[in-house]
Amino acid sequence: MKQGVLMRFLNETGDITRFAGRFFKEAFKPRYEIGEFLRQCFFIGYKSLPLVAITAFIMGLVITIQSRPTLVEFGAEAWLPKMVSVSLVREIAPVITALICAGKIGSGIGAELGSMKVTEQIDAMEVSGTNPFKYLVATRIMTATLTIPILVVLADAVSLYGGYLGANIRGVVSWDLYWNQVFDTLAFSDVIPSILKTFFFGFAIGTIGCYKGYNSNKGTEGVGRSANSAVVISSLLVFILDLLAVQIIDLLNLT
Amino acid sequence: MITQPEINRPIGQEHDVPVMQLRNVSKSFGTNDVLRDFSFDLNKGENVVVLGKSGSGKSVLIKCIIGLIKPDSGSINVLGKNIPELNNHELDKIRAKVGFLFQSNALYDSMTVRENLEFPLRRHKAKMTKTQIDELVVEALTNVGLAHTIDMRTSELSGGMKKRVALARTLILKPEIILYDEPTTGLDPITGKEISELMRELAKKYNTSAIIISHDLNCVRIVADSIVMLIDGKCYAQGKYEELQTSNDKKIQEFFI
Ligand SMILES: Nc1ncnc2c1ncn2[C@@H]1O[C@H](COP(=O)(O)OP(=O)(O)OP(=O)(O)O)[C@@H](O)[C@H]1O
Ligand SMILES: [Mg+2]
């Protein structure tokens, strides 16, 4: 049963779509697995906090330092906070956060569900009167969808702070001036769409991680492969969704 | 209150009442015909061992019975309900009365021993109070001689201990029918014998019926009321240990060497 690459791709896409559809069908019917959802929020959201914060801080700092020389060339050094804040909030913080989460959360979910699958723990749940799709999958997709936007807002703030420090390494920008400039520049049309798109990032990361883990093949080798392809596919999806988001925002003239 | 099956079912009565009837169950994976018209009855209070080569479909058989795998055709009647036709809700009701011991134990490795045992209780018997649950957990663990492991993580247990915890988790709901998938495989002969005797004891005490998959002839000798030979996807022969042991059929003899 050798299939062409295209066929395999289409099959997989169809399967993932059906998997996501099943989420919408099952997640909003009782019984609600609140306890497991909260537990996942702690593991997925809270435990990713330090990593996201550190990366965002460094990105803010580095982008600011890197942008300065070009602006100085044009004599537009005063524009530094403006420029940096737009690129951070619109693009860099959401995408970097999503990529970090694709690596950390996507592989975590993929490996966890994968090993539960191959050691028959998922079957054991089913036998114990639990719908494993709701208990394991729905809660994780929901958590990823809701926590990644929160992480992004945090990353926005931390990276802007990094930008403030970066701006002060060579030049002098007072705290008040910096934030005045930042908030003058940023409009709702910058912030809201860039946060909205992260719900989709989160949904994609959660769904792919769960899909790969839940459909893991037999054996421990399959677990590694699930975790790995969960990261690859969800990272790629983040970029594709980002591209789509930019196009849509552009079309709607929200720029 | 927890229902105590032994009160309603005195030992020795109601024998030869089938609690499970399989008729012409077939299942194939692609071109691999695993079960072909498998038929079989399990009576109340009876312990039947299923013998078969590795890969002959023993695990597939009992997964069909619990509804984890849907057979291609045939009927599986458990406690008066035809399993392949049930919806999820009805299946859950039957599953509360049928215990299943997984070949790989399937203990939840993100949970402690206590949480593992609480899981089926919380899921199937939502109305139980905390103290009732605690009591049952301790009782179940004591039954398998592992009360001291209650707050350990399952990854800290040895293979044999895992098997016994899995057994405790299977039995905690006091099932009427128990499906054991290789309960003694991977254990030393002494522990294996202990587990076999425990199974025997439980069957007597609660008058449960059981299907036991096993290669371990010592275990078979202790627990089996009768033996089913699963060969070529069929119920090839059924009989008592001594009957089959002295059979002239080559395919049957192979298992008793
Ligand atoms: N989910 C599945 N998908 C495809 N094939 C399967 C699946 N489960 C089992 N099989 C196949 O069915 C056959 C029987 O498997 P099964 O696990 O029932 O064997 P078994 O009798 O329990 O063997 P063992 O004693 O080694 O546990 C095997 O050939 C196996 O490859
Ligand atoms: Mg097996």
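Values in this text are rule-based calculations from the coordinates and carry no lab data. Small disclaimer: the values here were computed from a predicted structure and weren't measured. Glycine gets a Cβ as well: all are built from the backbone with ideal geometry, and neighbour counts include every protein chain shown.
Numbers at a glance
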{"read-out": "Euclidean distance between Cα centres, segment A:121-165 to segment B:195-242, Å", "value": "46 Å"}
{"read-out": "Long-range HN-HN contacts of residue B:145 with modeled amide H, under 5 Å", "value": "none"}
{"read-out": "Highest-MSF residue in chain B out of B:54, B:104, B:209 [GNM, Cα springs under 10 Å]", "value": "B:54"}
{"read-out": "Spacing of the two label points (7 Å from each Cα toward its C-beta) at residue A:27 and residue B:215, in nm", "value": "4.4 nm"}
{"read-out": "Taking N as its residue count, the alpha carbon Rg of chain B over 2.2 N^0.38 Å", "value": "0.99"}
{"read-out": "Fewest-first ranking of B:199, B:161, using other Cβ atoms within 10 Å as the exposure measure", "value": "B:161, B:199"}
{"read-out": "Assigned charges on the beta-carbon of Lys, Arg, Asp, Glu; the protein assembly as shown dipole about Cα centre (debye)", "value": "400 debye"}
{"read-out": "Per-residue Cβ neighbour rank within 10 angstrom, fewest leading, B:124, B:148", "value": "B:148, B:124"}
{"read-out": "Cleavage-rule hits, trypsin sites (Lys or Arg not before Pro), segment B:160-245, DSSP coil, Cβ neighbours within 10 Å at most 13", "value": "B:240"}
{"read-out": "Global geometry of segment B:95-159, whether rounded, prolate or oblate, following the gyration tensor of its Cα atoms and the 1.5 cut on a/c", "value": "oblate"}
{"read-out": "Estimated distance in nm for a label pair at residue A:172 and residue B:127, the labels positioned 7 Å out from Cα along Cα-to-Cβ", "value": "7.7 nm"}
{"read-out": "Segment B:162-250, relative contact order [Cα under 8 Å, separation at least 6], %", "value": "24 percent"}
{"read-out": "Helix-only [θ]222 nm of chain B, DSSP H runs n ≥ 4, -39500 (n - 2.57) each, per residue, nearest 500", "value": "-10500 deg cm²/dmol"}
{"read-out": "Over the protein assembly as shown: Kirkwood hydrodynamic radius from C-alpha pairwise inverse distances, Å", "value": "26.2 Å"}
{"read-out": "Global form of segment B:110-257, assessed from the alpha-carbon gyration tensor, a/c cut-off 1.5", "value": "prolate"}
{"read-out": "Inter-label distance for residue A:220 and residue A:77, nm, one decimal - labels placed 7 Å from Cα along Cα-to-Cβ", "value": "5.9 nm"}
{"read-out": "³J(HN,Hα) computed for each position of segment B:205-220 - Karplus, 6.51 cos²θ - 1.76 cosθ + 1.60, integer Hz, glycine/proline x", "value": "4, 9, 6, 8, 9, 8, 10, 10, 9, 7, 9, 8, 4, 4, 5, 4"}
{"read-out": "Loop-resident sites, segment A:22-56, for trypsin sites (Lys or Arg not before Pro), counting at most 13 other Cβ within 10 Å (DSSP)", "value": "A:31"}
